[in-house]
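Participant: Sharing a structure below in structure tokens format, with a few things to ask.
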Amino acid sequence: MGSSFRFAAKDSGLFVVSRDKVTLLSSGKTVLVDQAKLVGDGRQLLAWSWYYIGDLQSSNDYVAKFGEAWASLGLGKTPSYRVVTVLPLQDSVVATQALLQNFLDVHGNALEIALQQAAALSQ
């Protein structure tokens, strides 16, 4: 089902115990993202992860790699960024998902602007 390194470094003491795909709303767009529950060192975390590739948001590794390959061939100058949001697990996964979604509701536009500015500086 994929490897844990996307969500936790080998020496972090955290391990992915479940993975799933969930749909969220980011900057007014519906996005399918990777979700992982991590445990270790007395902690339980819930993480969401996806890519920003130009105007596209996706959790699909192949889409991100295609965007990188396209840019490396000189056919585009769209850098890709991986976004990971993490919170301690609340009373339930659903409650934690609501907090993560609320974070994106409040800060999603600022995140997208920051990534667009970073992309412009890298060109």
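Participant: With volume of the Cα convex hull per residue in Å³ defined as stated, name the option among (1) 100; (2) 112; (3) 156 computed from the structure displayed.
Facilitator: (2)
Participant: Please compute the per residue accessible area over the chain with all protein chains in place, 1.4 Å probe, rounded to a whole number of Å². Walk me through the numbers on the way to the answer.
Facilitator: Values: 7400 Å² over 123 residues.
Heavy-atom accessible area per residue stands at 60 Å².
Participant: Moving on. Just want to confirm a number: the relative contact order over the chain, from Cα pairs under 8 angstrom separated by 6+ residues, in percent.
Facilitator: Values: 178 pairs, mean separation 25.6, N = 123.
So the answer I get is 21 percent.
Participant: Ok, one more. Quick check: at a probe of 1.4 Å, how many percent of the accessible area of the chain sits on carbon and sulfur atoms?
Facilitator: Numbers: 4380 of 7400 Å².
Using a 1.4 Å probe with all protein chains present, the chain comes out at 59 percent carbon and sulfur.
The values are calculated or read from the model by the stated rules, or taken from the named source; none is laboratory data. The model shown is predicted, which means the values in this text are computed figures rather than measured ones. Areas reflect the complete protein model, heavy atoms only, side chains present, ligands, DNA and RNA absent. Shrake-Rupley method; radii C 1.70, N 1.55, O 1.52, S 1.80 Å.
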